[in-house]
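As C-alpha cells, the structure follows; a few thoughts come after it.
The numbers here are math on the coordinates, done by the rules we state, and not lab data. It should be emphasised that the depicted structure is a prediction, and the values quoted were computed from it without experimental measurement. So basically every Cβ, Gly included, is an ideal-geometry build from the backbone, and we count neighbours across all protein chains shown.
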Amino acid sequence: MPVQRFILAYMDHILARLASDSFYHLSHASLTGSRCQGLACFAARQLDPASWKQACQSSPTVFCLGQCYLGPARQGEDALPHIASHARTSVLLGNVANAAVLDLAEYCKTGGGQALHQVLRMDSAAVIQQISASGLRGRGGAAFPTGLKWQLLAEQKADCKYLVANADEGDPGSFSDRLLMERDPYRLIEAMLIAGITVGAKQAYIYLRREYEQTAVILQAAITQARAAGWLGPHVLCSAHAFDISLVIGKGSYLCGEETAMLNAIEDKRPEARLRPPQITELGLYSKPTLVNNVETLCAIPWIITHGAAAYAALGTPESPGTKLLSLNAVFRRPGLYEVEFGISLGDIVDKLGLGLKQGQLKGLMIGGPLAGVIPAQLLDTPLAYQSLQQIGGAVGHGGVIAFDDSCSIAELVAQVFRFGAFESCGKCTPCHHGAAEIARHFDDILQGGHWNADRWQALVSALADASLCGHGRGLAEFAQSIQRHYHAELQTCLTSV
C-alpha cells in the first residue's frame, strides 16, 4: 500500500506538471531570430511590410519582445531607444538614461543604498506613512494605492510572508520595465529589500517574462553580487533582517501578468486566474500573505524614501501625483522611453515627445496595452491622469503608447486585438475563451469582404464585460466599447442588423 500511494502521488504530480506545461507556448522554444506579432509591431507593419510578413509566419508566436521602438521587431536587436526625462525631477531614469549601472559599488557611488540604510533605522509604520503620503499608485495597470497595499500586508499575522516583483511586462507596446532592470538592476533590488523589510517578508521572487533573455542574465548577476556583498541573506547589511531574492523565468503566457495567475505559475501550477476573495494579501503565494508590486512601482520607492513623500507628491497633479514612464512605439518619429509628470496632455506626448508620426495622420492612441481603450485624435487635449483618461474610456495602464496612423482600418485593429486575446486566454471562463475567438474569427471574415450580426457582436462584448473572471476578458470588452464609442461609424460598416 505505501508503494501504491507513492506511485499514485507521483503520477498526480506528473499529470499536474503536464497540465501546467501545456498552458505555455514558449516552454522549450528557442527565441533566436523570432519576430514580434504584438500590437505595437502590428501598428508599425507598414514601415517594413516584409518583416511583418515574416513575423506573421514565424514560430513560435511572440506577442512582445520589449523592442516596440524597433517595430516590427526581431529578437536579438539590441539598439537602445531614445531615453529622456521630461519631468521637473527625474525619479526613475537617472541611471537608465546615462550609462547602465551594472556594478553594486558603482550603484552606491551614485547614491544607491541610501534609502535602504535609512529604512533600516525606521519602523515599518513610518515607512508606510511615507509611501502613502507620496500618493504612489501601482504602475502595472490597476493603480491601487501602494501604501495601502503595503499596510494590508504588514497587518497580517503570519509566520511567513512573500514579496513578488511582477516583471512579466507582457503588454505589447511596453518596454519600460525591461530598461529599468537591464540598466539599473540594483534599484529594483534595493526597492525590494525596502518593501520586504517593511511588510515582514523574508523571501522574494522576481517573475520575469521568458522573452527577456538578456534581462535574466543581468538580474541574476546583480542578485549574486548583492548576496555576496551582504545585501541579501540572513543578516541584511549586518542587521537582524533576513531577506533573499530568487529569479523565476516565465514560459510564455500573457496571463501570468495577472497577479494570481503569476502566483500559480511560481508554484508550478497551471497559471489561471484565481477567484477573489480571498485577496493575496491574506492568502497568496503558497497560501501565505503576499505583496505583489510591478517593477516601475518598486523602482520609485528609493527616491521617495530619500527625497520625502512631499517632494514626490509635488510632481504631477493632485489627482495623479508623481511621474510615469511612457514607451512610445516605432510609428512615432522619435520612439523611445520617456519619464513625464502626470498632467501632460496626450497631444504633447504625440507632438513634443514623439515628434509626430513617421507617416500618415494619427487615427488613434492606445495607452496601457491592448486591453485598453483607443483614444481618437480629437481627444488629444486630455491630460495623462487616471480619472481624466477613465472619463473618455481610456487608461494609464502600464504606460505603453501605441500610435495608429490612418492606414489602419478599425476592422484590422479589432481582428488583431482579438486574435491576441483569444491566443492568450487561459480558457477558464467561457466569455473570454470562446467569445474572443469568435470575434477574431468574424472580423477576419470581415477583412475578406464579409459582415457580421451587430446583435451578436454586442452580446459577446457584454458577456466579456460582465462575466469574465479576470482583467483579460474585461479589458477586451473595454477595448471593444471604446471602438463603439469613438469609431462608431466605421464599425457599423462591418456589422449588419440581420
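May I ask for the Kirkwood hydrodynamic radius of the chain, worked out over all distinct Cα pairs and given in angstroms to one decimal?
Working: mean 1/r = 0.0431 Å⁻¹.
Roughly 23.2 Å, rounded to one decimal.
Using a 7 Å offset from the Cα along the Cα-to-Cβ direction at both E106 and A228, what is the distance between the two label points in nm, to one decimal?
For E106 paired with A228, the spin-label model returns 1.5 nm.
With +1 on each Lys and Arg Cβ and -1 on each Asp and Glu Cβ, and nothing else charged, work out how big the dipole of the chain is about its Cα centre, in Debye to the nearest 20.
Values: 39 positive and 44 negative charges, 100 e Å.
For this selection, approximately 480 debye.
Taking the Cα centre as origin and putting +1 on Lys and Arg beta-carbons and -1 on Asp and Glu beta-carbons, what dipole magnitude results for segment 410-496, to the nearest 20 debye?
Values: 6 positive and 9 negative charges, 36 e Å.
Once rounded to the nearest 20, the dipole reads 180 debye.
Starting from the Cα gyration tensor of segment 410-496, take the square roots of the eigenvalues, sort them a ≥ b ≥ c, and report rounded, prolate or oblate (rounded when a/c is under 1.5, otherwise prolate if a/b is larger than b/c, else oblate). Show your work: numbers first, answer last.
Details: a/c = 1.84, a/b = 1.51, b/c = 1.22.
Because a/c hits 1.5 or more and a/b exceeds b/c, segment 410-496 counts as prolate.
Please give, to one decimal in nm, the separation of the simple spin-label points placed at R121 and S30, each 7 Å out from Cα toward the Cβ.
5.4 nm
How many times 2.2 N^0.38 Å is the alpha carbon radius of gyration of segment 223-297?
Details: Rg = 14.8 Å, N = 75, 2.2 N^0.38 = 11.3 Å.
Cα-based Rg divided by the globular estimate yields 1.30.
At a Förster distance of 22 Å, what's the computed FRET efficiency of F144 paired with S345, Cβ-Cβ distance as r, to 0.05?
According to the calculation, E is roughly 0.30.
Residue separation times 0.36 nm, minus the C-alpha to C-alpha distance between S239 and E490: what's the value? Each step should come with its number before you reach the end.
On the way: separation 251, 0.36 × 251 = 90.36 nm, distance 6.32 nm.
In short, 84.0 nm is gained.
What is the calculated FRET efficiency for E319 to R5, with r their C-beta to C-beta distance and R₀ = 56 Å, to the nearest 0.05? Walk me through the numbers on the way to the answer.
Working: r = 59 Å, r/R0 = 1.05.
With R0 = 56 Å, the Cβ-Cβ based efficiency is 0.40.
Subtracting the Cα-Cα distance from 0.36 nm times the residue separation, let me have the gained length for R334 to Q458 in nm, one decimal. Show your work: numbers first, answer last.
Values: separation 124, 0.36 × 124 = 44.64 nm, distance 3.79 nm.
Value of the extension gain: 40.9 nm.
At 0.36 nm per residue, minus the direct Cα-Cα distance, what do N98 and L379 gain on full extension? Give it in nm, one decimal, please. All intermediate terms of the calculation are to be shown ahead of the outcome.
On the way: separation 281, 0.36 × 281 = 101.16 nm, distance 3.42 nm.
Between N98 and L379, full extension yields 97.7 nm more.
Sequence gap at least 6, Cα distance under 8 Å: using those rules, report the relative contact order of the chain to the nearest whole percent. Before the final figure, lay out the partial values.
Values: 1020 pairs, mean separation 81.3, N = 498.
Over the chain, the number comes to 16 percent.
Please compute the volume of the convex hull spanned by the alpha-carbon atoms of segment 82-313 and report it per residue in Å³. Please list the in-between numbers first.
On the way: hull volume 27.7 nm³, N = 232.
Output value, Cα hull per residue: 119 Å³.
Of all beta bridges DSSP finds with both residues in segment 82-313, what is the antiparallel percent, to the nearest 5?
Around 10 percent antiparallel, to the nearest 5.
Label A133 and Q359 with points 7 Å out from Cα along Cα→Cβ: what is the distance between them in nm?
With each label point 7 Å from Cα toward Cβ, the separation is 5.4 nm.
Please work out the Cα center distance from segment 223-263 to segment 345-409, rounded to the nearest Å.
Here the answer is 35 Å between Cα centres.
Once R0 is set to 41 Å, what does the formula 1/(1 + (r/R0)^6) return for the Cβ-Cβ distance between S58 and Q114, expressed as a FRET efficiency to the nearest 0.05?
On the way: r = 46 Å, r/R0 = 1.12.
Rounded to the nearest 0.05, the efficiency is 0.35.
Over the chain, what is the percentage of antiparallel beta bridges among all DSSP beta bridges, to the nearest 5?
Values: 20 of 45 bridges.
Expressed as a percentage, antiparallel bridges in the chain total about 45.
Per DSSP H run of n ≥ 4, the term is -39500 (n - 2.57); total these for the chain, divide by its residue number, and report the mean residue ellipticity at 222 nm rounded to 500 deg cm²/dmol. Before the final figure, lay out each step's value.
On the way: 20 runs with 198 residues, N = 498.
Taken over the chain, the calculation gives -11500 deg cm²/dmol.
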